[in-house]
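Working notes, beginning with the structure itself.
The values are calculated or read from the model by the stated rules, or taken from the named source; none is laboratory data. Computed from a predicted structure; not experimentally measured. Cβ coordinates were reconstructed from backbone atoms using ideal geometry, including for glycine residues, and neighbour counts include every protein chain displayed.
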Amino acid sequence: MLPYLSLQPPLRPRITRPRGLWKGGKSKQRFNLDGFRSKSLGSDTSSDDDLDGYCLLEYSPEPFDNDCCSMDTSEPPTAPDSRFEEWEALKDLFARAAEKYESDDVNEAVALLRSVIAESARFLVLYEDPSLLFAEPGSKTPEPVSMTSPKTPKKKCTCRENPTALHAQLGTALFLFGNLIAQDPSLALPNEPSIPATYWLAALDVFETGENLPSRTSGRGCDAPEDWRMAIVWGRTLICVADAALTLQLQSSSAPPPPPERKWQSPTASPFAAIAMRRPPASRRIVLATADMHELLVLAIDHFARGIFHMPRTAPRTEPGPSSAPTFDRSSELFTIAREALALAERLPAAAERTRWATWADSVLQQIPVQTEAVIRVRGRCWLVVGTARVEEIEASAWGDSESSDSPPSSSLDSEEAEEAREGLERAIEFFERAMSEGLQGTDVAESERGSEDELRAFLIEALLTLANLTKDKDSQEALYQRAQLLGGDTLGMEMDMSS
């Protein structure tokens with residue numbers, strides 16, 4: 001036990017003779033030890049004779065700490081301001097990469113995203129908790145948390161960036177890079193993976209690491225705002241992983257199995273090794289061959305819900321001049337989420353799962369204030385999926401494994417499932433007709449996503465024919481067939497004659 005150093009004035013006259021390590025150092029005296037009384041390490045009492053020996057001092061330098069990031073111990077000796085300038089340059093580089101990605105400049109986007117991934121991985125190697133970069137300079141050391149004291153509210157965040165900013169940016173870069181590789185695997189260099197799922201799974205690891213930063217889990221950090229952008233991209237990445245897993249599971253058994261995961265080099269040589277080094281030890285990685293579609297979708301919807309809840313309702317004001325922050329459009333964000341979720345829902349093998357997630361996608365589209373042609377068309381697709389899925393359930397329950405006609409038995413047309421199917425198909429027809437009437441007029445949340453008139457007409461014909469098969473009234477059924485034939489022309493008429 002270290003001796004107790006009394007702060008009371010000494011009771012005996014000041015000793016002027018030098019002692020111990022400071023013997024003969026009157027002209028260079030650094031510490032005034034005369035006001036302290038110490039005890040010997042081998043006894044509990046002290047005497048004046050004990051003062052002739054050396055004094056034992058306990059020296060604990062005050063750690064460099066802050067309110068938001070107090071757990072990092074791997075910061076290099078470089079000045080924090082210099083590192084923050086590097087981070088600002090990395091943000092600008094990512095903004096350029098995102099701009100090229102949105103403008104479909106594939107070659108330039110791949111090169112810029114590759115640089116963003118490599119530079120972000122360098123920050124992961126240097127910092128166990130990169131949020132230390134974003135802390136306000138000069139902040140004091142936070143008080144330790146007591147397990148017995150009542151819970152005190154966290155301090156307001158004064159960080160220059162969100163603590164998860166680096167992980168959100170790196171995960172988004174990996175997500176975008178994987179999307180480009182999915183379009184053209186030849187874009188990958190010889191030493192890079194050519195399978196897009198590798199980048200998406202790495203992005204999930206990065207998001208998981210950012211969510212479990214020491215500054216966020218130690219209880220000593222600040223009350224940082226929710227990183228809604230990371231939550232949105234997290235959900236979109238899970239959708240891509242679920243789509244890749246579904247494609248793998250739907251392949252025939254004769255297809256070759258996916259190659260095993262590559263063993264990456266040292267963290268300084270491979271971004272994937274740096275990501276694996278910082279991965280939380282308790283995290284459970286997703287395996288495509290055994291992934292559960294329902295579990296992945298539920299997890300994606302949870303992240304979407306969190307991101308949408310914290311997403312700004314209006315675009316924030318921007319100061320004049322160049323800015324590296326991406327342009328924010330809430331309607332465009334919601335439209336992208338619903339479109340990608342619907343694209344996966346259309347491919348699910350189970351009719352009940354298609355109904356559930358298509359209905360959820362329509363609920364997201366309902367939050368868009370301006371219902372443009374593209375939004376209305378996608379909402380029509382949502383209800384077409386719901387209606388056809390219900391019809392599939394009716395056919396499965398009425399016929400079993402054998403099909404004897406194109407229409408379900410008349411007894412099943414009075415069921416509750418048939419009523420829900422007709423309701424969904426009628427809503428789909430309503431949305432498709434509205435979209436056709438509006439055409440390409442007006443402003444759209446995503447003009448590049450406007451479907452062609454032929455595609456829209458095909459959706460409407462499918463909805464009309466499916467609804468006609470569920471209609472008991474012969475006159476109404478014939479009217480639906482005529483509307484479908486009017487839209488399809490002679491080609492549809494020939495197909496109907498052949499099927500009959």
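Quick look at the numbers
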{"item": "Residue within the range 361-369 that is at pLDDT 95 or above and among the hydroxyl-bearing types (Ser, Thr, Tyr) present", "result": "yes"}
{"item": "Conditions (1) more than 30 Å from Ser331 (Cα to Cα); (2) in contact with a helix residue (DSSP H, G or I) (Cβ under 6 Å, 6 or more places away or on another chain); (3) modelled with pLDDT under 90; (4) surrounded by 13 or more Cβ atoms within 10 Å (Cβ to Cβ); number of the one not met by Thr466", "result": "(3)"}
{"item": "Residues of the range 177-187 satisfying the condition of being surrounded by fewer than 24 Cβ atoms within 10 Å (Cβ to Cβ) and hydrophobic (A, V, I, L, M, F, W, C)", "result": "Leu180, Ile181, Ala182, Leu187"}
{"item": "Residue in the range 76-87 that is modelled with pLDDT under 50 and of a type outside the set (Gly, Ala, Ser) present", "result": "yes"}
